[in-house]
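Enquirer: To start, I am sharing the structure in question, which I have written as structure tokens.
The values are calculated or read from the model by the stated rules, or taken from the named source; none is laboratory data. The structure displayed is predicted, hence computed values, not measured ones. Don't worry about glycine lacking a Cβ; one is built from the backbone with ideal geometry, like all the others, and counts go over all protein chains shown.
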Amino acid sequence: MSKYTKLARGICDLLIWAALSVASLLLHKFVRPFKRGFFCGDESLAYPLKEGTIGMMMLIGITLGVPTIVIIVVELFKQLPGSGLRDAKSRDLAGGAGGGNGKGGCRLVYRLGQLYKQAGCYLFGLAMLTFTTILSKLCIGRLRPHFFEVCQPMMPDGSNCHDPQNHGRYIDSYSCSNANVTDFQYQQLNQSFPSGHASMIMYAMLYLAIYLQAALSTRVSKLLKHLLQFLFVMFGWYVALSRITDYWHHWSDVLAGVVLGVLFAWLTSVYVADLFAFKRWSRGGYNNNNGNTLKKPQVSPKNSTKSQSNGATSSSSAAAAAAAAAGAPTLPAYTFGTLPYLTAHPHAAQAQYAQTYHNYGYVP
């Protein structure tokens, strides 16, 4: 792929992300939510107004800043020579969190390309989730738990919920008598389902956990990686639960937000960022960026000796001399994750070398 083609694809990706972000902003600013009615005796709407534990600006800072910083640190550190975060994929493989560079090393252009790919996929998934969450809020129009205290609804005849004629009656025609309520705050009262905090924070934290599973080496400590994953997910769970204790959402709103966040984190990591490309490799093949299908050698430990002897008998003397001149390959000192080095090695197609790799534990 030429550099101009890559540049055009990058610009196209940026335009798609920008269009989705602008659409979410316009939807939030100019589309009014569905006006849902209520019963005056509904106790689920009579909670007091409290300040949120995690405000909107803090949430935006966390969901944008923390994953981006982690991705930058991992992508840069794993390219350093001799580091524990060694390149995760073979030189012929494309995609996945490991990101290989067969032409070697820590070139700045390659680093920036990996950062753009991983951070861009995360932000694209976040933009899709934001649009879905805002659209759901506007369509459902569920009232928040502190609706009565903030709105103090008044009926067209001047009565309110304290008057006996309104008890047990569904009311969908009302206005807020609280003079301190702005139009923006009134619209926010009708956007309880699903929880935007829960969906965004669970998406960010779960995506980070999945990303670390695919990209972070466990040579130093296997439990350290899993501890980081656990802490990220637990922080997201805490933020989601705080929306219930702050009386900003019903429990079902938070549950729906968590499900949305988990769903989009899984879809984005597997199908957009392609973090687990080696899963397709383990099933027998992988398509790289050049359109070539790389096949995984299938060698059975039982008949490997037999196949080697048959191959040796049927080969010509010229082929045997060429193979002897080529010399034995040098086995790699370390294989990152579960990606084999077979396709990257010039002798990988030969069954005896594949069997040697298998015996020494280089092929899972």
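Enquirer: So Thr130 passes all but one of these: (1) under 23 Å from Phe39 (Cβ atoms); (2) surrounded by 18 or more Cβ atoms within 10 Å (Cβ to Cβ). Which condition number does it fail?
Expert: (1)
Enquirer: So, Thr53, is that one assigned to a loop (DSSP other than H, G, I, E, B), in the same structural domain as Cys139 (by TED's automatic domain parsing) and modelled with pLDDT of 90 or more or not?
Expert: It is true that Thr53 is assigned to a loop (DSSP other than H, G, I, E, B), in the same structural domain as Cys139 (by TED's automatic domain parsing) and modelled with pLDDT of 90 or more.
Enquirer: All but one of (1) within 17 Å of the chain's Cα centre (by Cα); (2) modelled with pLDDT under 90 hold for Arg283; which doesn't?
Expert: (1)
Enquirer: Among helices (runs of 4 or more DSSP H) lying entirely in region 170-283, which contain 2 or more residues that are under 24 Å from Gly61 (Cα atoms)?
Expert: So the answer is 183-189, 196-215, 222-245, 251-267.
Enquirer: Follow-up. Residue pairs, Cβ under 8 Å, 6 or more apart or interchain, first in region 25-37 and closer than 11 Å to Lys137 by Cα and modelled with pLDDT under 95, second surrounded by fewer than 13 Cβ atoms within 10 Å (Cβ to Cβ) and among the β-branched types (Val, Ile, Thr). List them.
Expert: none
Enquirer: Can you tell me how many residues within region 238-273 are surrounded by fewer than 16 Cβ atoms within 10 Å (Cβ to Cβ) and either within 19 Å of Phe131 (Cα to Cα) or of a type in the set (Phe, Trp, Tyr) (or both)?
Expert: Number of matching residues: 7.
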